[in-house]
Amino acid sequence: MASPYSFVDNADSFAKALDFLSAAQKSPTEQRADIFALVDKYYHHATTKTQALRKARKSTTSTGFRRLDDSSSQDSMELDDTDNRSSAPDAADELERWEQEAQIWDMLRRLLPLRYSGRVATRPAQREISRFQSTAELWDEFIDSDPVAQERKAILECLQTSADDTRVNIDDLVRGYQKQADRGDIIAHGWLHTRSALKMQKNINGWTGPLDPTSADAGRLFDSGGSNPLVTQLDPDVATRQGRKLEQQDEYFERAIWLGCFELLRRGRSLSDIRDWCIERTEVWRAVSMSAMPLPKVKQAEQPSTDPLSALLWRRTCFALARQGGTDDYERGVYGILSGDITSVEKVCRTWDDFVFAHYNALLRAQFDGYLLKRTSPDSTVSIHQAFPSFNALQFHGDASSASERLINSLESNPKTSGEAKNPLKALQGAIISNNLTQYMHDLGVALGKRANQAAPSHLIPEIDSLTISASDSKYFMMNDYEGLRVATHVYLLISHLDRLQSGYDVDPTRRRAQDNIVATYVSILRLANMTDLMPLYCSKLEEERGFFTLSRNITRVEAAADREILLKIMGKLGMNVQRFITYQPRSLLEQAPVPDQVAPAFGAFTVFLNNPPTLKYGRPLKPDFFGDEPENFDTIDEALIRSLEWFVLVDGLWNEFFEAGTAIYKRFLSKSSYYYDDHRKCRTY
């Protein structure tokens, strides 16, 4: 029985949703709204699959693509021969793939309404500077006034949501450190081992009150291992201030706390979530230190009421802690997130998403910092700006128009992320983030063309000359990546539709030819999946002749008249010219495969007359069956030509076109055979 996660089910669901866009003529505004709704529908489809896989991860068997032995296409590509042996991924790989797809659709549903609003951007009128405006109010004003900030915020929220959905539960994540903290199930009450050691030393030595770390007594105070000087007090920053150590178990406890705080910020949790997590561990002061501007992934009801000057000063304080303070990389990473630093956060980044998060968090916070400096009194901010340094990610990245593209490119060369960056789904996500989808789709089409023409020339997926794209580049979907090409095809169709609505004209023909290779490849995948009824929908999205060509080469095995009639009805509903398609088939086949000047006879020597002596009344008699015996196998092109004529009987009013095509095909067959005219007594080849 077919798995509920099979390609066939997914392709059918996506096609049904896409078909809605072809249902009726609508205004550009309505079409944009329909596309945004469609992206949202694709996102919910992916999240539903993800949630189901998570629930049934252990019991669900992986499903590979069901190969259907159909090599009928005139231009059979590698899909038919080599690339269709797709190995079934295990449950973990399947879950990860769906999580990445959900992230792609989530990012598109957040960004497309911003990039294709259809309205002329206008800056909201700024209110006069008021000393009563809070940081939260200025933040809302800043986001509303800056389109670049809106995009960066949307990308940041998507990365936070994805992390919250896909990462290990935070309590489970810190459990290893908690176990090394040697405190059983106790997750609260601070540094138990250090407190116990200090208390014991004070009792033994008769010390009372706080112990001066510079005193001779403190010089004799070491941890239980005897190698590191132990802190003399228990305030939160004592280890940094005194340059001394905690007991090793408490250092693990401390790392567990900071790892949890880092993950809370990385996942975009609300201030109330952060506070609850810290209160549970009796570490509420940490929640207070993160309350200035945690940037949650959803707007929170509780907004910090800090004033702008405090926000400016606190960001710079956090930057100093990120670069110079702290006893653990995760602690510095927490303050790095809060200050908009990159270096301290990158030290604890593990994935491609983490690195993108680090940079976009820094860019957005630097933007807001600059906005606060402009929106507050210069007299009150000049001392803060001069006396307390901060990291400016805007200057670090340079030109804002190309900053995203440079960042994504840098992740391909970064040893920590290069492998993940070359994953096709991540490469597609990178193109979305950098607003470079048009170029990515062109490059993907070029790569598919090169792969399709490696073994033999393919008319269906032509090769596009390019010295920069390699057929072996792993960041472009392979021809056996059916699910990946499903995603790429629908992203391309939606983006190209939005581009036409935005600009009013199509792209350069050469670029369009490369991009349409994606759709042509997907149509061939549908043929392999025996989903013939879906092919017209995708061919209708191509230019008319390319669509006719792609469809005609993929339906050569559709022989039943009823199935052909269904296809023609579908084409008519999609607005395709059915009569033109029927007349196009034989013409394109004849143009594609002309008869060479010298060719071996198809049926042997061809003669019309018997060898009997001529009679006075009838002359030389004709052969009863001068075509001879029908061969066991026709040439593929000859069979396709014969079948192309059969479509004419399904549509009225094409008799002239039928006889014109039939005559041309008949001449082709005759021209491939030799026969003798008795009256000329010589051989003539047509």
Q. So for Trp207, Trp352, Trp314, what's the accessible-area order with a 1.4 Å probe, most first?
A. Trp314, Trp207, Trp352
Q. Straight-line reach from Lys569: which lysines have Cα under 18 Å away, leaving out those fewer than 8 places along the same chain?
A. Lys16, Lys541
Q. Quick one: if the Förster radius is 45 Å, what FRET efficiency do Lys55 and Thr343 give, using the C-beta to C-beta distance and rounding to 0.05?
A. 0.70
Q. Using Cα pairs under 8 angstrom and six or more residues apart, how large is the relative contact order of segment 331-382, in percent?
A. 30
(Q) Taking 0.36 nm per residue of sequence separation and subtracting the Cα-Cα distance, how much length would be gained by fully extending the chain between Asp172 and Arg620, in nm to one decimal? (A) 151.6 nm
(Q) On a straight-distance basis, which lysines could pair with Lys202 in a cross-link, Cα separation under 27 angstrom, same-chain partners fewer than 8 positions away excluded? (A) Lys245
Q) Accessible area per residue of the chain at 1.4 Å probe, in Å²? A) 49
(Q) To test your reading of the geometry: what angle, between 0 and 90 degrees and rounded to tens, separates the Cα axis of helix 544-554 from the longest principal axis of the chain? (A) 80
**Q.** With Cα atoms, 0 to 90° folded angle of helix 437-452 axis to the chain main axis
**A.** 50
Q: Could you pull out every one of the lysines with an alpha carbon less than 27 Å from that of Lys623, ignoring same-chain neighbours closer than 8 positions?
A: Lys667, Lys672, Lys682
Q: Sort Tyr522, Tyr666, Tyr371 from largest to smallest accessible area, using a 1.4 Å probe on the heavy atoms of the protein chains.
A: Tyr666, Tyr371, Tyr522
Q) Applying 1/(1 + (r/R0)^6) with R0 = 41 Å to the Cβ-Cβ distance of Ala216 and Val298, what FRET efficiency is obtained, to the nearest 0.05? A) 0.15
Q: On the full set of protein chains, 1.4 Å probe, figure out the accessible area of Cys278 and give it in Å² to the nearest 10.
A: 0
Q: Set Lys and Arg Cβ to +1 and Asp and Glu Cβ to -1, take the dipole of segment 314-408 about its Cα centre, and tell me which of Ser383, Phe355, Gly336 lies farthest positive.
A: Ser383
Q: Grab the beta carbon distance between Arg587 and Ser413, set R0 = 41 Å, and tell me the FRET efficiency rounded to 0.05.
A: 0.25
**Q.** Length-normalised contact order for the chain - Cα pairs under 8 Å, 6+ apart - percent
**A.** 12
Q) In the chain, what percent of the accessible surface is made up of carbon and sulfur (1.4 Å probe, ligands and nucleic acids excluded)? A) 51
Q: Pick out, from Leu159, Thr214, Trp139, the residue whose Cα sits farthest towards the positive end of the charge dipole of segment 99-255, with +1 on the Cβ of Lys and Arg and -1 on the Cβ of Asp and Glu.
A: Thr214
Q) Hey, got the dipole for the chain? About the Cα centre, +1 on K and R Cβ, -1 on D and E Cβ, debye to the nearest 20? A) 720
Q: Give me the accessible area of Leu264, 1.4 Å probe, in Å² rounded to the nearest 10.
A: 0
Q.
Could you sort Lys422, Lys347 by their accessible area in this structure, using a 1.4 Å probe and putting the largest first?
A. Lys347, Lys422
Q: Round to the nearest 10 and give me the degree value, 0 to 90, for the angle of helix 482-503's Cα axis relative to the longest principal axis of the chain.
A: 90
Q | Charge dipole (segment 312-457, unit charges on Cβ, about Cα centre) - positive-most of Asn409, Ala456, Leu321 | A | Ala456
Q.
How far apart, in nanometres, would the label points at Val284 and Gln233 be if each is projected 7 angstrom from Cα along the Cα-to-Cβ direction?
A. 2.2
Q. Between Ser474 and Ser291, what is the spin-label point distance in nm, taking each point 7 Å from the Cα along the Cα→C-beta axis?
A. 4.8
Q.
I need to check one value: relative contact order of segment 124-274, counting alpha carbon pairs closer than 8 Å and at least 6 residues apart, in percent.
A. 29
Q | Heavy atoms of Glu346 accessible to a 1.4 Å probe, total area in Å² rounded to 10 | A | 50
Q | Mean ellipticity per residue at 222 nm, deg cm²/dmol - from DSSP H runs of n ≥ 4 across the chain, formula -39500 (n - 2.57) | A | -18000 deg cm²/dmol
Q: Note down the net charge around Gln579, summing +1 for each Lys or Arg and -1 for each Asp or Glu among other residues with Cβ under 12 Å from its Cβ.
A: -1
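The values are calculated or read from the model by the stated rules, or taken from the named source; none is laboratory data. Being a predicted model, the structure only gives us computed values, none of them experimental. All Cβ positions, even for glycine, are placed from backbone atoms using ideal geometry, and neighbour counts span all protein chains on display. Only protein heavy atoms, including side chains, enter the accessible area calculation; ligands, DNA and RNA are left aside. Shrake-Rupley method; radii C 1.70, N 1.55, O 1.52, S 1.80 Å.
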